[in-house]
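Colleague: Sharing a structure here in structure tokens format.
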Protein chains: 2
Amino acid sequence: MNALLTQLRALVGDAHVLTHDDPATDLSAWEQDWRKRAHGRALAVVRPGSTDEVAGVVKACVAARVSIVPQGGNTGMVVGSVPDDTGTQVVLSLSRMKAVRELDAANLTITVEAGCVLQELQETAERAELLFPLSLAAEGSCTIGGNLATNAGGTQVVRYGNTRDLCLGLEVVTAQGQIWHGLGGLRKDNTGYDLRNLFVGSEGTLGIITAATLKLYPRPAARLTAWTAVPSLDAAVELLGLAHQHLGAGLTGFEVMGQFALSLVNKHFSQLRVPLWRDTPYCVLLENSDSESEAHARAQFERLLETALEREVLNDAVVAENLAQAQQLWHIRESIPLAQAEEGLNIKHDISVPVSRIPAFCHETDALLQREIPGVRLVNFGHLGDGNLHYNVQAPEGTDGPLFLKSYEEKVNSLVFDAVKRYHGSISAEHGIGSLKVGKLPLYKDPVAMALMRQIKLSLDPLNLLNPGRVIEP
Amino acid sequence: MNALLTQLRALVGDAHVLTHDDPATDLSAWEQDWRKRAHGRALAVVRPGSTDEVAGVVKACVAARVSIVPQGGNTGMVVGSVPDDTGTQVVLSLSRMKAVRELDAANLTITVEAGCVLQELQETAERAELLFPLSLAAEGSCTIGGNLATNAGGTQVVRYGNTRDLCLGLEVVTAQGQIWHGLGGLRKDNTGYDLRNLFVGSEGTLGIITAATLKLYPRPAARLTAWTAVPSLDAAVELLGLAHQHLGAGLTGFEVMGQFALSLVNKHFSQLRVPLWRDTPYCVLLENSDSESEAHARAQFERLLETALEREVLNDAVVAENLAQAQQLWHIRESIPLAQAEEGLNIKHDISVPVSRIPAFCHETDALLQREIPGVRLVNFGHLGDGNLHYNVQAPEGTDGPLFLKSYEEKVNSLVFDAVKRYHGSISAEHGIGSLKVGKLPLYKDPVAMALMRQIKLSLDPLNLLNPGRVIEP
């Protein structure tokens, strides 16, 4: 291995190859995952400064048969970007490659390197009076390379799609250390297989994304946020239909939050003053982004909410008067995971089913869990506009958290995932598979799909050196 | 081969296996391509009635080592769906599989079989007061399976994307005759590699799409069409930027048409009364789809056009007063290929470059062609909103068409494609590769991308039995 390290140092410079040999170097930022579920041990953390250097690192590792764990902001949720505990894997960090290579306003595109932090990308677009719509909780530290590798979702998907839908071109280093120059801002290109989408969402197991050309949008003239109390999940789905009709593509956010989830925010962050939650099973947050004006957005919202009131699909609603109020409403929504953490350990899910089946899925699964685990508490919230729920399960009040997890995690996961399968849903809507769900996937995914995935992995990375043990096991 | 035919007849029924053995059977509808550039000879045309039958046909053909040409409406532009002339290939027609399996209004999805004709799909959505936005000239006979296999484009891409962007799930028969059950109306599903997009656009070379789940949209409350005269291509691009800003996602069409293209419509279809074309190098057709009302759409259009007039990015404009007028304006746009055919043979291209580079690309390539072929006439029109031009080349006035084609087709293609490459564009924006461009592709596509495509083809169809000779040669 010393020969490899020497070679890597020659390639990227001594300062950018970090190892445990230097006792002063703390590698835990690269070795520990975001949710602190795994702590690995790397042979080295290598930080190339260019695409050519990435290609060189890959070639050197392939020659030495050393496997590579690509890493962006290391904010993933499924243990997909940290090394295993063998001390034999190289972490390839893209963090130094963060340049904005080009912003083409007339083409509504931006080309950036993989290590660019999402928030910096958003801000660069904003300075050009344009919008990069991807938005998620970790945006201050996650990188666009990681977003692409995991096809990240977030809160604007109902209008703009997942990261995949925002990507027009890629630059990728293959498992053999070749560079695919696939950047470019084309809206249409039917010259062969869709390699771009194959790499997007492959979690670094098929190639290493080093740069991307992404879509930009005109900035909306106004964004308005409403908070509503709905009498049931069925009503929430009906409200979504009305919102699609009334707002068209103006509908940029549609988040549902169960009463217990909001009660936790109220309990642990009472200063946030959660509106309308006490007498209703669910609240829905809606966002309307208008290309015209705030007055127009407000008038549209009013018509929508009036219609919804008339049809009894909502009981009550407030529309934010200004940006500060809107941010506060979003802040409540985003505080649910923190409030949940304050309440104690819990079992998290990131599932999707067709929007139309969400109510039946929740009724059935709620009842099932309550029967199996008396007193269990359901922290149900998420992106209803995309059929994506963070259907989380909290221990019964007063129960010991770690003991609950130990006793019930497997069982709860099976109950929820089995239900998801019955409803033709996904056991990972936006977080990916990583190593956390790699064992579960074959139980829930179509076997022919699994076989196709295995063929593709074997074909593009026959030595299984790129992020092995993630997504699919050979 | 007789054994295979017997087996196929047993699988799908005698009536659905057509061969040349029966002299009364005319197979030319399946053997001749849409643009009449190729006429092949099939061993048989097989028309399975179910996905299981498709799988059975594939297995039988694989066992006999007979290659399969999947076919939908056979309206493709690049000779991708007819057999070669060896008489050894089986045409697998999906035309009997045209059921609408499910329309889920609350989920805004529809699940249909591959043989469903696009127009029937549009009409089914319309009856549910929803919109399936894909729209293209062949919609009366093309099938959704073909649209997916070729990732068809059309006139609404600027808002709704290509067929790929409208697809949420697929059912596919693999090259081994396995069925991948990948249907389902999920907006988010990050459980592994993006198989869906790999099959979409693969032109039947990786698997046979038998059904799909597709996105639906609320029907806009109003659609308005405007016709404008712009002083230059630069101005057209600037107008596009203004339209994005003013109309947001309301902008559903943005078509550019050069003066010579319009002069041909005027010459051959004078009854169509082309507006504003005489004193301007380019006209632009814009469509605004509004979720609110016609009055609102009209007011928005007026503001946009006033701003554009002030900034001198347009000289003149008319807004259609009613649906009939709007249809007439679209009809003029759609008559350009026909007018061109009336004028004589010509060399067609379907190229894209980044929108921002369209003016420079056209200036440079126009000049180049005029220098190389004095008197050449350029029929330039297309979907400027997507950077996609049908940059067609007509013989000099009075020249013999066939002779012109014979002398200049290769040279013109090379000049245009070389220019496209310099501008980081695509030599096939929406039509695909088929067999027509399969030889050209390696000259213009990134070599690493070609190698990756080859690896994938070899991995999923190792015997090269699915639509061989299309997209990529092994």
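The values are calculated or read from the model by the stated rules, or taken from the named source; none is laboratory data. It should be emphasised that the depicted structure is a prediction, and the values quoted were computed from it without experimental measurement. As a convention, Cβ positions derive from the backbone with ideal geometry for all residues, glycine included, and neighbour counts pool all protein chains shown. Heads up: the accessible areas ignore ligands, DNA and RNA and are worked out on the full protein's heavy atoms, side chains in. Shrake-Rupley method; radii C 1.70, N 1.55, O 1.52, S 1.80 Å.
Colleague: With just the Cα atoms of the range A:78-215, tell me how far they stretch along each of the three principal axes, in Å, largest first.
Modeller: That works out to 48, 36, 28 Å along the principal axes.
Colleague: What whole-number value in Å² describes the accessible area per residue of the range B:1-154 for a 1.4 Å probe?
Modeller: Counting only protein heavy atoms, the per-residue value for the range B:1-154 is 40 Å².
Colleague: Scan around B:L465 for amide H atoms under 5 Å from its own, H built in the peptide plane at 1.01 Å from N, and keep only partners 5 or more places away or cross-chain.
Modeller: So B:L465 has HN proximity to no qualifying residue.
Colleague: Quick one: which of B:437-450, A:395-408, A:444-457 comes out on top by average Cβ neighbours within 10 Å, and what's the full order, highest first?
Modeller: Values: B:437-450: 16.7, A:395-408: 14.1, A:444-457: 18.7.
My ranking of the peptides, most packed first, is A:444-457, B:437-450, A:395-408.
Colleague: Once the principal axes of the Cα atoms of the protein assembly as shown are found, what is the range along each, listed largest first in whole angstroms?
Modeller: Principal axes ranked by extent give 90, 62, 62 Å for the Cα atoms.
Colleague: From other protein chains only, count the Cβ atoms within 10 Å of every residue's Cβ in B:198-208, then give the mean.
Modeller: So the per-residue partner count for this stretch is 3.
Colleague: Kirkwood hydrodynamic radius, the range B:1-112, all distinct C-alpha pairs: what's the number in Å?
Modeller: Taking every pair of different Cα atoms in the range B:1-112, averaging 1/r and inverting gives 14.8 Å.
Colleague: Now a separate question. Can you tell me the orientation of helix A:323-334 relative to chain A, as the angle in degrees between its alpha-carbon axis and the longest Cα principal axis, to the nearest 10?
Modeller: It is inclined by approximately 70 degrees.
Colleague: Using a probe radius of 1.4 Å on protein heavy atoms only, what is the accessible area buried between chains B and A, both sides summed, to the nearest 100 Å²? List each step's numbers first, then the result.
Modeller: Numbers: alone 20360 and 20260 Å², together 34400 Å².
Between B and A, the summed buried area is about 6200 Å².
Colleague: Oh, and also: Sort A:289-299, A:355-365, A:184-194 by packing, meaning the average of other beta carbons within 10 Å per residue, with the highest value first.
Modeller: Sorting A:289-299, A:355-365, A:184-194 by mean packing, highest first, produces A:184-194, A:355-365, A:289-299.
Colleague: Here's something else I'd like to know. Roughly how crowded by other chains is peptide B:101-107, in terms of the mean Cβ count from those chains within 10 Å of each of its Cβ atoms?
Modeller: Working: counts 0, 0, 0, 4, 2, 11, 10.
Going residue by residue through B:101-107 and averaging, the value is 4.
Colleague: Along each of its three principal axes, how wide is the spread of alpha-carbon positions in chain B, in whole angstrom units, largest first?
Modeller: Each principal axis gives a Cα extent; for chain B these are 72, 56, 46 Å.
Colleague: Something else about it: What is the list of residues in the range B:104-144 whose amide nitrogen lies under 18 Å from a point 7 angstrom out from the Cα of A:R311, following Cα to Cβ?
Modeller: B:104-109, B:126-131
Colleague: So, one more: How much FRET efficiency would the formula 1/(1 + (r/R0)^6) give for B:Q271 and A:Q325, where r is the Cβ-Cβ distance and R0 is 45 Å, rounded to 0.05?
Modeller: With R0 = 45 Å, the Cβ-Cβ based efficiency is 0.15.
Colleague: What list of ³J(HN,Hα) couplings, whole Hz, do you get for the range B:125-140 from phi and the Karplus terms 6.51, -1.76, 1.60, once you set θ to phi - 60° and write x for glycine and proline?
Modeller: So the Karplus estimates, Gly and Pro as x, are 4, 4, 5, 8, 6, 10, 10, 9, x, 4, 8, 8, 4, 8, 4, x Hz.
Colleague: So, one more: Just to confirm, what accessible area per residue do you get for the range B:397-474 at 1.4 Å probe, in whole Å²?
Modeller: 43 Å²
Colleague: Please tell me the relative contact order of the range B:374-433 in percent, rounded to the nearest whole number, where contacts are Cα pairs under 8 Å and at least six residues apart. Intermediate results must be reported in sequence, preceding the final value.
Modeller: On the way: 43 pairs, mean separation 14.0, N = 60.
Here the relative contact order equals 23 percent.
Colleague: Tell me the carbon and sulfur percent of the accessible area for the protein assembly as shown, rounded to whole percent, probe radius 1.4 Å.
Modeller: Carbon and sulfur: 49 percent of the exposed surface of the protein assembly as shown.
Colleague: Per-residue counts of other Cβ atoms within 10 Å, averaged by peptide: what ranking do you get for A:342-351, B:167-176, highest first?
Modeller: The peptides rank, most packed first, as B:167-176, A:342-351.
Colleague: So, one more: Remind me, relative contact order of chain A in percent, using alpha carbon pairs under 8 angstrom and six or more residues apart? Let's see the in-between values first.
Modeller: Details: 988 pairs, mean separation 70.3, N = 474.
For chain A, the relative contact order is 15 percent.
Colleague: While we're looking at this one, here's another question. What nm value, rounded to one decimal, do you get for the distance between B:V100 and B:E334 when each label is placed 7 Å out toward the C-beta?
Modeller: Distance between the two pseudo-spin positions: 2.0 nm.
Colleague: Could I ask something else about it? In this model, which of A:K36/B:K215; B:K406/B:K457; B:K348/B:K421; A:K36/A:K215 are farther than 28 Å apart at the alpha-carbon?
Modeller: Correct reply: A:K36/B:K215; B:K406/B:K457; A:K36/A:K215.
Colleague: Let me ask you something else. Counting partner chain Cβ atoms within 10 Å of every residue's Cβ in A:212-224, what's the average?
Modeller: Counting Cβ atoms of other protein chains within 10 Å of each residue's Cβ and averaging gives 2.
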